[in-house]
1. On a 1.4 Å probe surface of the protein chains, which of Met101, Met70 comes out largest in accessible area, and what is the full order?
2. Report relative contact order for the chain in percent, whole number only (criteria: Cα-Cα under 8 Å, sequence separation at least 6).
3. Tell me the Kirkwood radius of the stretch 58-178: reciprocal of the mean inverse pair distance over distinct alpha-carbon atoms, in Å.
4. Over the stretch 1-41, with the other protein chains present, what is the accessible area per residue in square angstrom, probe 1.4 angstrom?
5. Which of the listed residues, Leu140, Ala19, Ala62, is farthest toward the dipole's positive end in the chain, when Lys, Arg count +1 and Asp, Glu count -1 at the beta-carbon?
6. Which whole-number percentage describes the relative contact order of the stretch 1-49, with Cα contacts under 8 Å and a sequence gap of 6 or more?
7. Name the residue farthest towards the positive end of the dipole of the stretch 1-96 from the options Pro48, Met87, Tyr31, assuming +1 on Cβ of Lys and Arg, -1 on Cβ of Asp and Glu, about the Cα centre.
8. Only bridges with both residues in the stretch 106-178 count here: give the DSSP antiparallel percent, nearest 5.
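The values are calculated or read from the model by the stated rules, or taken from the named source; none is laboratory data. What you see is a predicted model; the values in this text were computed from it and never measured. Neighbour counts are summed over all protein chains in view; Cβ atoms, including those assigned to glycine, are modelled from backbone coordinates with ideal geometry. Areas reflect the complete protein model, heavy atoms only, side chains present, ligands, DNA and RNA absent. Shrake-Rupley method; radii C 1.70, N 1.55, O 1.52, S 1.80 Å.
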Amino acid sequence: GQGDATLIRCGEAAMLIDAGNNSWGDDVRDYLEYQGIGDLDYVIGTHPDADHIGGLDVVMEAFDCGTVIMPDYEKDTQTYTDVTDVMEEKGYELTLPQVGMVYELGEAAFTIVAPNGEYGDNANDYSVGILLEHGENRFLLTGDAEEDSEADMLDNGIDLSADVLKAAHHGSRTANTE
């Protein structure tokens with residue numbers, strides 16, 4: 001099936017971006033435990049589609065989570081409600097992404113590069129995008145951002161050049177324009 005989850009570690013620091021579909025929450029949790037993760041400094045739910053945040057409720061229930069970043073876009077689904085219910089139970093505050101905001105992750109740092117505007121009912125374009133920098137290496141991860149969001153990222157003044165681009169929207173034809 002289609003889903004998305006990315007673990008980033010830098011020294012003792014750890015960040016999880018998305019946690020796949022609902023059916024994969026236990027597997028993502030088990031993988032994090034296998035990797036020796038004790039807590040997560042950052043959890044990013046790029047956008048409220050089930051193939052990205054479906055397993056986040058299981059992960060957030062199992063781990064202490066520092067900063068939880070999700071876009072200012074809600075979806076009237078049980079999956080989204082499950083995530084927000086766990087956040088409320090555990091006392092996690094939602095941090096809205098602010099383009100240009102920089103966060104430290106061990107010896108690395110990441111900058112929020114998206115979302116940059118309002119995109120109507122297109123949940124994909126509200127995806128939280130980050131540029132992660134570690135030494136000379138740069139990684140660009142943009143969730144399911146599509147053409148409009150991508151254009152706004154290019155116009156926001158942040159240098160998006162990167163050594164690694166994680167293909168947006170699972171490599172869909174609606175993402176990653178020329």
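1. Solvent-accessible surface, decreasing: Met101, Met70.
2. For the chain, the relative contact order is 16 percent.
3. The answer is 15.4 Å.
4. Accessible area per residue: 54 Å².
5. The listed residue farthest towards the positive side: Leu140.
6. This gives 38 percent for the stretch 1-49.
7. Tyr31
8. Beta bridges within the stretch 106-178, antiparallel portion: roughly 75 percent.
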